[in-house]
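For reference, the structure discussed in these notes is given below.
The values are calculated or read from the model by the stated rules, or taken from the named source; none is laboratory data. Not measured: the values here are computed from a predicted model. Backbone-built Cβ (ideal geometry, glycine too); neighbour counts: all protein chains shown. Protein only, heavy atoms only, side chains kept; ligands, DNA and RNA dropped before computing areas. Shrake-Rupley method; radii C 1.70, N 1.55, O 1.52, S 1.80 Å.
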Amino acid sequence: MENQTQPATVRVFIALAPPDPAKEELARELHRAYGTHPRMRWNRIEDWHITLAFLGELPTDTVPLLRAPLAGLAADHRPVRLALRGSGVFDDRVLWSGIDGELDALNTLATQVRTVVENCGVAFEGRPLRPHLTLARARRGDRSSAAEIAEGLAGFTGRAWHAERLHLVGSNAGRSRGPIHYRDIEAWAFGGGSGTGS
């Protein structure tokens, strides 16, 4: 049966999301920069996430294959204690906040997620994990705004929090000229397992 409204592919990634209090704490730090750098393309706070595996464009009928294995992984993994800390810039244009906390556990989780994806037969570019939260992108030709904001955030240390859920996320990237929006395809609560790969 054909569904004319559903695209043939969806851009997909697997991620963690900070809880609202952690996001609000960082947003308060960014408040001044929102005013001084209005031309930055700021990500929506509700879209802030820490990518564990970027899968790119997948056929929509491939996505359901990931659900049960990712649900099982989440159930066997304990929540990871993290914090938002500092800031930096990729390629002069991409402003990010750094991640602190149980980074060994975070790396182990990312490795387990990527193994699950590979075991589902999904090919993806396995870039090294660089845990961060993308906050904004400068417009082409603006090589200073992101660095100026990052400098102001260098000393930021947020309160610690637990990543409680594993998120399978889809985006509308490439489908519209407007800002990129993300939506949870599904999310699974972490269980109480040791989940550190030991």
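Summary of computed values
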read-out: Full-stretch length increase - Ala8, Leu65 - with 0.36 nm per residue and alpha-carbon distance subtracted; value: 19.0 nm
read-out: Hull-based mean projected area of the chain, where the convex hull spans the alpha carbons, in square nanometres; value: 11.9
read-out: Calculated FRET efficiency for the pair Asn119/Phe90, C-beta based, R₀ 35 Å, to 0.05; value: 0.70
read-out: Carbon plus sulfur fraction of accessible area for the chain, probe 1.4 Å, in percent; value: 49
read-out: Theoretical gain in end-to-end length, Ile45 to Arg183 [0.36 nm per residue, Cα-Cα removed]; value: 48.4 nm
read-out: About the Cα centre, charge dipole magnitude for the chain (Lys/Arg +1, Asp/Glu -1 at Cβ), debye; value: 580
read-out: Global geometry of region 1-94, whether rounded, prolate or oblate, following the gyration tensor of its Cα atoms and the 1.5 cut on a/c; value: oblate
read-out: Within region 58-158: Cβ-based charge dipole about Cα centre, in debye rounded to nearest 20 (Lys, Arg +1; Asp, Glu -1); value: 160
read-out: Low-density loop cleavage sites - trypsin sites (Lys or Arg not before Pro) in region 14-54, where at most 10 other Cβ are within 10 Å (DSSP); value: Arg39, Arg44
read-out: Computed label-point distance, nm, for sites Arg81 and Asp104 using a 7 Å Cα→Cβ extension; value: 1.4
read-out: Accessible area per residue, Å², the chain with all protein chains present, probe 1.4 Å; value: 54
read-out: Given charges at beta-carbon only (K, R positive; D, E negative), |dipole| of region 32-112 in Debye; value: 380
read-out: Length-normalised contact order of region 53-163 in % [C-alpha pairs under 8 Å, at least 6 apart]; value: 41
read-out: Furthest towards positive pole of dipole, His167, Ser87, Ala187, structure part the chain, Cβ charges; value: Ser87
read-out: Pair Thr134, Glu29: separation of 7 Å Cα→Cβ label points (nm); value: 2.0
